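The structure appears below as structure tokens.
The values are calculated or read from the model by the stated rules, or taken from the named source; none is laboratory data. Quick caveat, the model's predicted, so the values are computed rather than measured. Heads up, the Cβs are rebuilt from the backbone with ideal geometry, glycines too, and the neighbour counts pull from every protein chain shown. Surface areas here come from the heavy atoms of the whole protein model, side chains and all, with no ligands, DNA or RNA. Shrake-Rupley method; radii C 1.70, N 1.55, O 1.52, S 1.80 Å.
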Amino acid sequence: MCGIWALFGSDDCLSTQCTCAMKIAHRGPDAFRFENVNGFTNCCFGFHRLAIVDHLYGMQPLRIKKFPFLWLCYNGEIYNHLQVRSAISGCATMEKYTTTYRYVLLSLAVLQWRNIQPPTGTFCYLWLCYNGEIYNHLQVCSAISGCATMEKYTTTYRYVLLSLAVLQWRNIQPPTGTFCYLWLCYNGEIYNHLQLKEKFEFEYQTKVDGEILLHLYERFGVEKMAALLDGVFAFVLLDTANRKVFLGRDTFGVRPMFRMLTDDGFLAVSSEAKGLTEITHSMPRPPEVTPFPPGHFEVFTLKSSGKVESVQLGRFHSCTDEPKHAVHDSVRGLLSGFELETVKSNIRVLFENAVRKRLMAHRRIGCLLSGGLDSSLVAATLVKLAKEDELTYPVQTFAIGTEDSPDILAARKVAAHIGSEHHEVIFTPEEGIRAIQEVIYHLETYDITTVRASIGMYLVSKYIREKTDSVVIFSGEGSDELTQGYIYFHKAPSPKAAAEESERLMKELYLFDVLRADRTTAAHGLELRVPFLDHRLCAYFLSLPEEMRVPKDGVEKHLLRESFKGLNLIPDDILWRRKEAFSDGLSSTKKSWFSYLQDHVEAEVNESQLEMAAKVFPHFPPKTKEGYHYRQVFEKYYPGRAVWLSHYWMPRWIKASDPSARTLSIYKPDKDE
């Protein structure tokens, strides 16, 4: 999980503005970097980096010599980058240059070398902050250039990793002067970058999966570039040659991005809204900070002043459409037709492929395991593929709840079945209540069901960060929306209505479940991976006949369960365990988590305050004391920003005054609960 941050056309000192970027430092605790845009002193890129691939590669902005006019800030995952890289590693056009490693002049920098040092890693432990003149460096260089001990090394001039740097390059470019001025700042994974690299015969100069964006943009333009990416991402791309700025975000908004645009053309972008709320500007009233719409790209013209003007906002992909990158996918074994056995086979193939492509990581992989259907399928498939790939460590699984919670008991059974290294995080209601303030600060929302569910996920993420070395965390988000998993789908008036509701939920994931999963894990520097939101899997499932996707025999997600029946991947009773909301399942059936929360707010909010709620909070005034309390905390951190929430999450087709599944008349706990 990393964080991107960029400014174009700032009226204030950039050194002051950059302090705002530190509010998203939790997204990339390993290192950070800020860098001015050459020629535009009022523009700046920032990047917080979690070393998810390894410790040598991935720092941004990335510049490559082929595109000296392009800059990119990117957040996401490119799933096929290794395949593409492998395919072109022997290209004759891949130039390598030599250097005597004389010195580097730093402007404001503390510099740690990455990817330009000798292949042996010599001097990888040395840092230099230098200001001055060495008058005899040429004589010394000349005197030792022929020594037997003076080795000369090659490098593709990929990039430099800076800890606190604004870097001005000197004396390390190739003799032709064509050094790397292409910059890439990104957070995410592009899973198909190696396939695309091989297909279009791109010449890579780095080991960074996000480099594929620069080549695709140069070849096809921004819209096709975004459409060809199989992964999760948010990017800022700067083309100084054509004076254009581009923004883009993945289909489901798995990677977050917010933008702020003033009337006079000052643009600010951040992975989280909190990175923009204290940006200074010349406008008399605060401009809106809005989430960038998933599946879209935006084009801005860049003026000489650094100010911008939006000229196009377009959609490059929708969850119901087969992705354009599917023609370059390596998935094998898909069958045609809608016969039940064919569909079940295709679901299994696509799901396993979704998990497999997300295994790219050099940091330890773990998985959240609630004991429900979705997380159990993810965990079981992950453990299976990890064994096939001969990972050098056991996959860790993590469950959270009270001691007698249904989730703890179910997760324990799944972990024993799949053979994971299982961790149980037992928490008390008091611990959960104490976390409310921190959780709402990280969430940037006051939606009731999101806050409830986030507390458990926040606490388990904190445990993972403090007690283990797992960093890449798999989770089951997206399945309920995709496969009609919420129990209110039993009340859908028709298969068509259920299908439409499923699509609506998918398009709003970035406001609720995906927001929760991203912020609670990113708060502790973890990298979230969500296989159920794989482009091809989602497009295929949503293309199935509406009648196939509805609940059957009183069981939601019936088709998904049927697809894995008889495989012994997970225990049968878990395969058919009915839906339990995360915020409900982690607590006892005797007293739900939301009941503890409601008891707590009785002492925090009085009746007179609730009666005045509409006047105090005119935008979506809270109707319950619990909602009022969350709104109070939200306004403490983000005053006047209530419009970030467009509507509360609530079940449909059934009379409900609370989002908890346990309050619905159709709720029935499992027999063993």
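A few comments on the model shown:
- Boolean, SER595 is of a type in the set (S, T, N, Q), without any contact (Cβ under 8 Å) to a residue 24 or more places away in the chain and not in a loop (DSSP other than H, G, I, E, B): yes
- Every residue from the stretch 276-317 that is out of contact with any strand residue (DSSP E or B) (no Cβ under 8 Å at 6 or more places or on another chain) and farther than 21 Å from THR41 by Cα: PRO284, ARG285, PRO286, HIS317
- Filter result (small (Gly, Ala, Ser), within 19 Å of TYR648 (Cβ to Cβ) and out of contact with any Gly (no Cβ under 9 Å at 6 or more places or on another chain)) within the stretch 596-631: ALA614, GLY627
- Applying the criterion of at least 3 residues that are in contact (Cβ under 8 Å) with a residue 12 or more places away in the chain and basic (Lys, Arg) to the helices (runs of 4 or more DSSP H) found wholly in the stretch 404-500 leaves 448-467.
- Residue count, the stretch 345-360 (criterion: hydrophobic (A, V, I, L, M, F, W, C), over 20 Å from ASP250 (Cα atoms) and touching a residue at least 24 places away in the same chain (Cβ under 8 Å)): 1
- Check on GLU322, touching a Cys at 6+ places or on another chain (Cβ under 9 Å) and either under 30 Å from HIS48 (Cβ atoms) or open to solvent by 60 Å² or more (accessible area, probe 1.4 Å) (or both): no
- The residue that is farthest from PRO406 (Cα to Cα), counting only those in the stretch 592-628 that are open to solvent by 40 Å² or more (accessible area, probe 1.4 Å) and polar (S, T, N, Q), is SER608.
- Of all residues in the stretch 193-213 being modelled with pLDDT under 90 and out of contact with any Asp or Glu (no Cβ under 8 Å at 6 or more places or on another chain), the one that is most open to solvent (accessible area, probe 1.4 Å): LYS207
- Close pairs from the stretch 618-633: first free of Cβ contacts under 8 Å to residues at least 12 places away in the same chain, partner crowded, with 18+ Cβ neighbours inside 10 Å, Cβ under 6 Å, at least 6 apart: PRO621/ALA613
- Matching residues in the stretch 357-371 - criterion: being assigned to a loop (DSSP other than H, G, I, E, B) and either basic (Lys, Arg) or open to solvent by less than 10 Å² (accessible area, probe 1.4 Å) (or both): ARG358, ARG363, LEU369, GLY371
- Answer residue from the stretch 598-617, given it is outside any helix (DSSP H, G or I) and of a type in the set (A, V, I, L, M) and is modelled with the lowest pLDDT among those: ALA603
So that you can scan it fast, the table gives a plain yes or no per residue for (1) open to solvent by less than 10 Å² (accessible area, probe 1.4 Å); (2) of a type outside the set (Phe, Trp, Tyr); (3) at pLDDT 95 or above:
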| residue | (1), (2), (3) |
| --- | --- |
| ALA241 | no, yes, no |
| LEU247 | yes, yes, yes |
| THR251 | no, yes, yes |
| LEU261 | no, yes, yes |
| ASP264 | no, yes, no |
| ALA268 | yes, yes, yes |
| ALA273 | yes, yes, yes |
| PRO284 | no, yes, no |
| THR290 | no, yes, yes |
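- Test: residue in the stretch 538-561 that is within 30 Å of ILE4 (Cα to Cα) and open to solvent by less than 10 Å² (accessible area, probe 1.4 Å): yes
- So LEU302, is it at pLDDT 95 or above and not aromatic (Phe, Trp, Tyr): no
- Residue count, the stretch 627-660 (criterion: acidic (Asp, Glu) and either under 30 Å from ALA498 (Cα atoms) or over 32 Å from the mean Cα position of the chain (by Cα) (or both)): 1
- Qualifying residues in the stretch 1-37 (those that are among the β-branched types (Val, Ile, Thr) and assigned to a strand (DSSP E or B)) - the one modelled with the highest pLDDT: ILE4
Residues checked against (1) modelled with pLDDT of 95 or more; (2) open to solvent by less than 20 Å² (accessible area, probe 1.4 Å):
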{"position": "GLY337", "(1), (2)": "yes, no"}
{"position": "GLU352", "(1), (2)": "yes, no"}
{"position": "VAL355", "(1), (2)": "yes, yes"}
{"position": "ASP389", "(1), (2)": "no, no"}
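- Enumeration of residues in the stretch 305-344 that are among the small types (Gly, Ala, Ser), out of contact with any helix residue (DSSP H, G or I) (no Cβ under 7 Å at 6 or more places or on another chain) and free of Cβ contacts under 8 Å to residues at least 40 places away in the same chain: SER336, GLY337
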